[in-house]
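Here the structure is laid out as structure tokens; the discussion comes afterwards.
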Amino acid sequence: MKKLMALSLATVLAASLMAPAVFAEGEKVGVSMPTKDLQRWNQDGANMQAELEAAGFEVDLQYASNDVQTQLSQIENMISSGANVLVIAAIEGSSLGEALDMAKENDIPVIAYDRLLMESDAVSYYATFDNYMVGTVQGQYIIDTLDLENADGPFNLEITAGDPGDNNAGYFYNGAMDLLKPYIEEGKLVVKSGQVEFDDVATPTWATEVAQSRAENILSSNYADGTNVDVWLCSNDSTALGVENALAANYSGEYPIITGQDCDINNTKNMIAGKQSMSVFKDTRTLASQVVKMVGQILNGEEVDVNDTETYDNGVLVVPSYLCEPVFADANNYKELLIDSGYYTEDQLQ
Ligand code: BGC
């Protein structure tokens, strides 16, 4: 009996070295996602659920239909039903205070997923992609494709950014605009609509329809006379899709360079069809695996893997973060990035 116990203890210890989550068996992780409307969050949720369950955790995965009240009550329910860790991708980073206070009172660690949770001291860690880099990849692509260093221009640029309630949106916008602003000041890039500042180009809830109707207005007011819009900086794929829809119905000039982010299926199809120039691939499997690792480390009392302790100030504290690297994608490399890696099947992109 003693021998058996010693053996099983050794086995458990050995297993714990290989897979730290073994001690967390049966513990419960609440995963709160913003919406099912956008493809990426479905993948994020599904990947995390699969990996957490494979690591032996129980998972309470909820989607909040882009409604802040729903997200608040879903998180409160996760806490009341015994979650040991919370992973939250907020609809609005600053609006979950009550639920976060409740998590803190119950000593439940919170990982902000992809989007930072603002104005709260209850946030333990943040896992995301390097959001500023996403913007610089888009901005640099525009500089290189138009050869802004050497070309005389001027080129007409329009800008569509993200949701003001999402802390990421400012990072994407700034990453791109820090590179493009000098060319706007020099007059090589001209924004005919005059809408340049973040507040003027933002898209509440990142909605495709909102981006589309703003783009329709811009096109009819500034480009209906046959003037070309040469480039449209879009912060992500859902907004790029809105701009692409607006162009299809309301524009007859030369097709512009259009940027995006996420490699959503419809946008990847559009890249292949020449209707979107590029996207930024953020492999949600990488982020999900990182978060699963961090959950295991937290519950096992181990040091948690972070690689940035300076950038993400949520207004109350600088949240220790792990930033994954985003990758440039276009019609030339999508096969390797998305199909060979098993992210999509070829059929999904037909
Ligand atoms: C994410 C993007 C996404 C956007 C809209 C952002 O917080 O980082 O990947 O496109 O939200 O859902």
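Listing for the model above:
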read-out	value
Odd one out for D230 among (1) within 15 Å of the ligand (Cβ to nearest atom); (2) among the charged types (D, E, K, R); (3) within 24 Å of F328 (Cα to Cα)	(1)
Set D225, D199, D152: member being within 30 Å of I88 (Cα to Cα) and acidic (D, E)	D199
Residue ID - farthest from the ligand (Cβ to nearest atom), chosen from residues in the range 233-252 that are farther than 20 Å from G162 by Cα and of a type outside the set (A, V, I, L, M, F, W, C)	S252
Filter result (more than 12 Å from the ligand (Cβ to nearest atom), buried (at least 19 other Cβ atoms within 10 Å of the Cβ) and over 13 Å from N236 (Cα atoms)) within the range 149-172	F155, N156, L157, E158
Matching entry among E197, E119, E209, E185 (being of a type in the set (D, E) and more than 22 Å from the chain's Cα centre (by Cα))	E185
Options Q261, Q290; residue that is within 20 Å of V87 (Cβ to Cβ) and in contact (Cβ under 8 Å) with a residue 60 or more places away in the chain	Q290
Residue under evaluation T208, criteria (1) away from the ligand (no atom under 16 Å from the Cβ); (2) hydroxyl-bearing (S, T, Y); (3) without any contact (Cβ under 8 Å) to a residue 40 or more places away in the chain, criterion not met	(1)
Flag for D178 being farther than 21 Å from T286 by Cα, more than 15 Å from the ligand (Cβ to nearest atom) and at pLDDT below 95	no
Pairs where the first residue, in the range 148-162, is on the phi > 0 side of the Ramachandran plot and the second is modelled with pLDDT of 95 or more, C-beta under 9 Å, 6+ apart	G153/L146; G153/Y183; G153/E186; G153/G187; G153/K188; G153/L189; G153/V190; G153/D230
Matching residues, the range 253-292, being in contact with a Phe, Trp or Tyr (Cβ under 9 Å, 6 or more places away or on another chain) and more than 15 Å from the ligand (Cβ to nearest atom)	G253, P256, I257, M271, I272, G274, K275, S277, V292
Those strands (runs of 3 or more DSSP E) lying entirely in the range 19-132 with at least 2 residues surrounded by fewer than 21 Cβ atoms within 10 Å (Cβ to Cβ)	58-63
Qualifying residue in the range 314-336 (condition: touching a strand residue (DSSP E or B) at 6+ places or on another chain (Cβ under 6 Å), within 13 Å of the ligand (Cβ to nearest atom) and not aliphatic (A, V, I, L, M))	yes
Residue in the range 165-180 that is touching a Pro at 6+ places or on another chain (Cβ under 9 Å) and without any contact (Cβ under 8 Å) to a residue 40 or more places away in the chain present	yes
Residues of the range 120-148 satisfying the condition of being under 18 Å from W232 (Cβ atoms) and either of a type in the set (G, A, S) or modelled with pLDDT under 95 (or both)	G135, G139
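The values are calculated or read from the model by the stated rules, or taken from the named source; none is laboratory data. As the structure is a prediction and not an experimental result, all values here were calculated from the model. Every residue, glycine among them, receives a Cβ derived from its backbone with ideal geometry; neighbour counts consider all protein chains shown.
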